[in-house]
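Written below as structure tokens is the structure these notes are about.
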Amino acid sequence: MSKVTIVEVGARDGLQNEKVLLSPEIRLEFAEKLAGAGIRKIELGAFVSPQWVPQMRGSTELMKMALARKTSGKSSLKDSELSALVPNLRGMQDAIDAGVKDVAIFASASEAFAKKNINCSIEESFGRFAKVMELAKSNGSRVRGYLSMCFGCPFEGEVPEGRVVRLVKRLRDLGVYEVSIGDTIGVANPMQVHRLVSKLIDAVGEDFLAMHFHDTRGTALANIHSSLQLGIRVFDSSLGGLGGCPYAPAATGNVATEDVVYMLHGMGYKTGIDLAQLIAINQWITEKVQHELPSRVGRAGLPKLLPIGT
């Protein structure tokens, strides 16, 4: 079996919907624990207005501290890629000022959600992205793309698959190195995933795609399995199932990293991640956010009769 890459989004996408606001120091400790467990791609912060997303307040300080520790070679972060979300040109400039070289932009396949989440139309958002990409290119930054609401929208209902394919092509043409396909409100089913992902692979190839599933209705692992069968090898997940989207009704937590890794290891895939350490981190972050997290493996632990693998 081949290697699967996990992009850990708990420190950004996960924490942004939590009621308890964690300090940059605690968020940094969270990232160090994740890296210590073998996670090599961590989305750590967001250069957004703290007025709108107070959970991300202090991201500049956080990223500077994290990058300093990474370059010192004395932290578990030394082997991990650290990225941040940038919603616009101001966010991109803030990322540059903080020394961040890996960033992500956030597009929507739904007009209604684009207006609620980033306060503009899809077309207007791509105008903004072009300016962000130009600045990123001049700084030598790598840009990942998110495309949300790819399987359904709480405001519009069904999202046409042809629109998703066209927008992924536009993001590719802008110059992003990868697009994460989002089931933002957790409505997708495996047959739908197989159908859309097949069309996306025909359009841009499997190596350009990552998948981002929410487990709102309990189908995230099945949807990941459907994606795996088509050759997708990059998946976003969140420690413990932290998070959700504050601008999308019913968008409960991301699929839990522990649950994904448990399934992958059981199927023979390699991730390089220590599952026992993830469960310990679950217990640690649960105390910080002050409520139990939905991860099934985090609650049940590991069965003694099975190897946990990496």
Flagged pairs (Cβ under 8 angstrom, 6 or more apart or on separate chains; first in the stretch 242-266, at positive phi and at pLDDT below 65; second part of a loop (DSSP other than H, G, I, E, B) and not β-branched (V, I, T)) are G244/A251; G244/G253; A250/P154; A250/G186
Can you go through F113, F126, F106 and tell me which one is touching a strand residue (DSSP E or B) at 6+ places or on another chain (Cβ under 9 Å), closer than 27 Å to M63 by Cα, aromatic (F, W, Y) and assigned to a helix (DSSP H, G or I)? F126
Only one of L167, L147, L171 is crowded, with 19+ Cβ neighbours inside 10 Å, in a strand (DSSP E or B) and in contact (Cβ under 8 Å) with a residue 40 or more places away in the chain. Can you tell me which? L147
Scanning the stretch 222-240 for residues that are assigned to a helix (DSSP H, G or I) and under 14 Å from I42 (Cβ atoms) gives L239
What pairs come up if the first residue lies in the stretch 93-119 and is over 13 Å from S83 (Cβ atoms) and without any contact (Cβ under 8 Å) to a residue 12 or more places away in the chain, the second is assigned to a helix (DSSP H, G or I) and not polar (S, T, N, Q), and their beta carbons are under 6 Å apart, counting only those six or more places apart or on different chains? A114/I122
Just give me the residues in the stretch 282-303 being touching a residue at least 40 places away in the same chain (Cβ under 8 Å) and exposed (fewer than 12 other Cβ atoms within 10 Å of the Cβ), in sequence order. Q290
Quick one: in the stretch 191-211, of everything that is under 14 Å from R172 (Cα atoms), among the small types (G, A, S) and in contact (Cβ under 8 Å) with a residue 12 or more places away in the chain, which residue is surrounded by the most Cβ atoms within 10 Å (Cβ to Cβ)? A210
Among the residues of the stretch 56-87, which ones are at pLDDT below 95 and closer than 17 Å to R12 by Cβ? P87
Taking the condition acidic (D, E) and farther than 20 Å from P50 by Cβ, does E111 pass? yes
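The values are calculated or read from the model by the stated rules, or taken from the named source; none is laboratory data. Keep in mind the model is a prediction, meaning the values are calculated, not measured. So basically every Cβ, Gly included, is an ideal-geometry build from the backbone, and we count neighbours across all protein chains shown.
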